[in-house]
Amino acid sequence: MALPTLNKTWVFTKINQAIKEQRTSYAGGQVQLYTVVDAIRSWAGWEVKGSSDSVTAGMDGVDRWTNYTKVVWGGNFSWIVLRKPNAGGAGKNFEVMIAPYPGNTLFIYVYYSWAGFTGGTINTRPTATDTYMMIDWYYWRNTGNNNNFDCVVHSVSSSDGNVGRVVMLKDNVPILYVAFETAQNPVTGWTHPFYATWLWDSKAAITLDALTDSANVLAYDANAPAGWFANYLTCETQVDATTPERIPYRNEIGAESPLYPVGAISLAANKRGRHGQLYDLWWGTSTRRVGDAYPDDATKQFLNIGGHLVVPWNGSAFTPL
Amino acid sequence: MPLPSLDKTWNFVTNVQLKEKPLPTTGTQQQGSASYGNILYTIKAQLVSWGWTVEGSCDASTYNWGGADLWTDYTKLLWGFTPGDNAASWIVLKRANAAGAGKDFYLLIRLAGEITRDCQEAIIMGAWTAFSGGSVTLTPTNAGKALNLIYDHNVDIEVHVGNYGPRYWLLQPTYYSPALPSSQSRGIDVVVHALRSSDGEVERIVVVSHNVVCAYISFEKVKNPTSGWTHPFMCAWVNRNYTNNQSVLSYSILNDDAVRGSSGLCPYTFGYHDGLWLGLYWGSEAYKDAMLGERISYYNEISGEYTMCPVSLISNSPGCKGHHGFLYDLWWGSIETLVGDTFPGDETQQFVRFGEVIFPWDGSAPLTI
C-alpha cells in the first residue's frame, strides 16, 4: 500500500510541547489546560469569542488567557469560548466553552454549541440554547487524581483551520485526544458536517479497538429531529477483526506498514448511517508504537500520534515525553 | 453517500436467458446435462468473445492442442462420471498478459463428476503456466502449480494447489428453498450477465437463478496493488453458500470465514505472487465486527442513500499476508436490499446489486428470474 496522498496542507507549529511537572499540583493543571487551549486557538480561523480570567470577564472577543496563571479554579473562575466560524458550512459557527470547575481542580467543563454562547461573568459560565455537555465537571484527561506530571502536547492542524487535533502523552501513552474537524465527503443533506472529539482514556481508551467499539465522536444535524449524535470510527475489516489488528505487521508482499482510512458511523436513532470520513487520518497497525513514523526514514511524513492514529507529520523529531 | 465515480468504462452483455434444455444429448448423460452444458458453453463463448484463446479442447470423442475449439455448441459438452476413466469434454483457455506483459493466465474446465451422474460437478483449475497432456479420458495437467478454483472450501488453500478433484461449479440446488431438482432429473433456468471493462483488465460473469447468484466468475487486475506483487490479479469461480437462498456473493462467503472448516484459511477468491498462490478475502469498511452493509442494512437516515463500501483484498495466506489492493468498480451493499435492485432508485439504473455486492450497470432492467 503506497503512502497516502494528503487532502490538506498541515501546520506543525505546536508539536513537541514538553510540559514539566510544576511546583504545585494546581500549577500543573493550569499549565496543561492552558497549553491545550492555546493549541486550539492557534488553529487558522479560530477565534476567542469571550473569556474570563476570574478578575474580569466578557463575551467581547478579548482573550484574557494570556498565560497559564489566568486559568483559575475557584469561586471566581476562568472560562473561555473558542469559535470556528463556518465550521459546518456558511454561517454555521462551532463553539466550545472550556471552564475550570470551581469545586475540584481536577475537573473542568467542556460544552459545545452551534447556536452560540452568551453571557458569562467571573463567577458564572456562559450558556447556550443548544449546549452539548461534553464534560460536565469531570476529569478532562486520564490522570486519576494526579494533576501534576511530565507530559507532552502535540497539535497538528490544517492550514485552513478546518481540521485540528491535539494529543497529550504521559509516559508515551495518550491520555487526551481532542479533535475538531470538518467531515470529509459528508453525505448529502447533513446540515452540520463536523466532528467534535474530546477523549480521555478513563472514558474510553485511546486505541483502535476502543475507538471502533465505542461512539466517542460527536456530530450534529439540524434535520428533524435536530440533535447531537455520537459516532463510532470505522476501519477496513475482515470477519471479526480490523485489518491492522488481524495483520499487525508489515505487508508480506510489499514490506509496507499499511495505513487505513478512518470513517465514522452513527447508530443514533434518526441519524443512523455512515455520514463521512476524517481528513488525513489513518489507522496504523496495532504493533506500531506512539512516535513510529511512516516511512521509517528521515522523511517521517506520517506519525503514530497515539491510539494507533496516524497523522501527517513534518519530518521533525518526535518528543514522546 | 453519493453514488461513486467509476474507475473504468464498461461493456455489458446482460440478461442472457438460458432456459432449461429438455433432453440429454446421449444416453449416458443426466437429464439436466444439456442445460448445465449450455451454461458452461455460454461462459466459454463469452470469455472467447473477450479475447481468451482456446489452447486445447476435447468433445469427449476427440481432443487437440492445436487451438481448435471443439466446443462448437452446447451438445459437445459431455460429462464423464468417474474422473480419469470415462470420456469427458474439457477445454483450456488462455488470457494473454492477464497480470502484465508475459504473465498469461490459463483456465481448465473438465466436465468430470466425482459423484456418479452429476453434471453440476466439474474440474476447474487456474494456472500461470500452460496445461498439457490429457486425452478423451484424462484431464490435462500442469507442471506448475495449478489451483483448483472450486475445491471444497473448508480446507487450507494449499490443498487446492495441484488438486484436480471435481466439485460443484455452481450452487447446489439443495441450497434453494424450496430446493430445486437435482441434475439427475432435470436442468435449470439461469440468467447470465457479463461485464468487461473497456480496457479488458476486468472481466466478470454473474449467473443468477431464482433470484440467487449461483456462480460468480471473475478474472481481473487489482486496483492499487501492494508494491512488489508479481501478479496483481484476482481469479475467482465462486460457487458456494451455506444458507438457503443466499447468493454466493455474500459477506459470509467472501468476507467472513465463520462458515469454514477448522482450518479457517480458505477464501473463495485467489491471487498469485512469486510462485505462491494466496487466498483473498474481500474486506470492507466496518465498525466492531460487522461490515457497514451488515450493521447498517437500512438507508442512511440523513441522506436517504444506501451505503456502498469499496471492496478491498486481504490475504491471510502464509508469506503473503496483508492488504493487497481493491477491486475496480465493485462495492459492498446493504443486506437489506434485494438481488436485482438498482441504484439510484430512478430510471438511470447505474448500479445493480447481485448478491450483497454492487456492480456498474447499463441502465436496463436486470433479470434475475
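The values are calculated or read from the model by the stated rules, or taken from the named source; none is laboratory data. Nothing here was measured: the structure is a model prediction, and the numbers come from that model. Note that each Cβ is placed from the backbone with ideal geometry, even for glycine, and that neighbours are counted across all protein chains shown.
Within the range A:136-150, can one find any residue that is within 14 Å of another protein chain (Cβ to nearest Cβ) and in a strand (DSSP E or B)? Working first, answer last.
So the first thing to find is which residues in the range A:136-150 are within 14 Å of another protein chain (Cβ to nearest Cβ), and the list is none.
No, the range A:136-150 has no match at all.
Scan the range B:321-333 for residues that are part of a loop (DSSP other than H, G, I, E, B) and crowded, with 23+ Cβ neighbours inside 10 Å and jot them down. B:333 - this is the single residue of the range B:321-333 that is part of a loop (DSSP other than H, G, I, E, B) and crowded, with 23+ Cβ neighbours inside 10 Å. For the range A:241-298, filtered to residues that are of a type in the set (Ser, Thr, Tyr) and within 11 Å of another protein chain (Cβ to nearest Cβ), the residue that is surrounded by the fewest Cβ atoms within 10 Å (Cβ to Cβ) is A:249.
For the condition small (Gly, Ala, Ser), surrounded by fewer than 23 Cβ atoms within 10 Å (Cβ to Cβ) and over 22 Å from residue A:158 (Cβ atoms), what is the one hit in A:57, A:115, A:90?
Values: A:57 fails: surrounded by fewer than 23 Cβ atoms within 10 Å (Cβ to Cβ); A:90 fails: over 22 Å from residue A:158 (Cβ atoms).
Exactly one residue qualifies, and that residue is A:115.
Going by the structure shown, is residue A:129 surrounded by fewer than 20 Cβ atoms within 10 Å (Cβ to Cβ), of a type in the set (S, T, N, Q), over 20 Å from residue A:317 (Cα atoms) and out of contact with any strand residue (DSSP E or B) (no Cβ under 7 Å at 6 or more places or on another chain)? For residue A:129, the condition - surrounded by fewer than 20 Cβ atoms within 10 Å (Cβ to Cβ), of a type in the set (S, T, N, Q), over 20 Å from residue A:317 (Cα atoms) and out of contact with any strand residue (DSSP E or B) (no Cβ under 7 Å at 6 or more places or on another chain) - is met. Flag: residue B:136 does not match the condition of being in a strand (DSSP E or B) and at pLDDT 90 or above. Once the range A:158-202 is narrowed to residues that are farther than 20 Å from residue A:227 by Cβ and within 14 Å of another protein chain (Cβ to nearest Cβ), the residue that is modelled with the highest pLDDT is A:184. Listed by first and then second residue, the pairs linking a residue in the range B:320-332 that is on the phi > 0 side of the Ramachandran plot and more than 10 Å from chain A (Cβ to nearest Cβ) to a residue that is assigned to a strand (DSSP E or B) and surrounded by fewer than 23 Cβ atoms within 10 Å (Cβ to Cβ), with Cβ atoms under 7 Å apart and 6 or more places separating them unless they lie on different chains, are B:329/B:360. What residue, among those in the range B:204-222 that are crowded, with 21+ Cβ neighbours inside 10 Å and in contact with a Gly (Cβ under 9 Å, 6 or more places away or on another chain), is nearest to residue B:360 (Cα to Cα)? Step by step, filter the range B:204-222, then rank; the result is B:206. Screening the range B:292-310 for residues that are crowded, with 22+ Cβ neighbours inside 10 Å and under 27 Å from residue B:232 (Cα atoms) and picking the one that is nearest to the other protein chains (Cβ to nearest Cβ) gives B:292.
Within the range A:1-27, residues that are among the basic types (Lys, Arg) have Cβ atoms under 6 Å from residues that are assigned to a strand (DSSP E or B) in these pairs: A:8/A:158; A:8/A:279; A:8/A:280; A:14/A:155, counting only partners at least 6 apart in sequence or on another chain. Scanning the range B:341-357 turns up no residue that is outside any loop (DSSP other than H, G, I, E, B), crowded, with 20+ Cβ neighbours inside 10 Å, in contact with a strand residue (DSSP E or B) (Cβ under 8 Å, 6 or more places away or on another chain) and within 9 Å of chain A (Cβ to nearest Cβ). Of the residues examined, residue A:63 is not one that is touching a helix residue (DSSP H, G or I) at 6+ places or on another chain (Cβ under 9 Å), charged (D, E, K, R), crowded, with 21+ Cβ neighbours inside 10 Å and touching a residue at least 12 places away in the same chain (Cβ under 8 Å).
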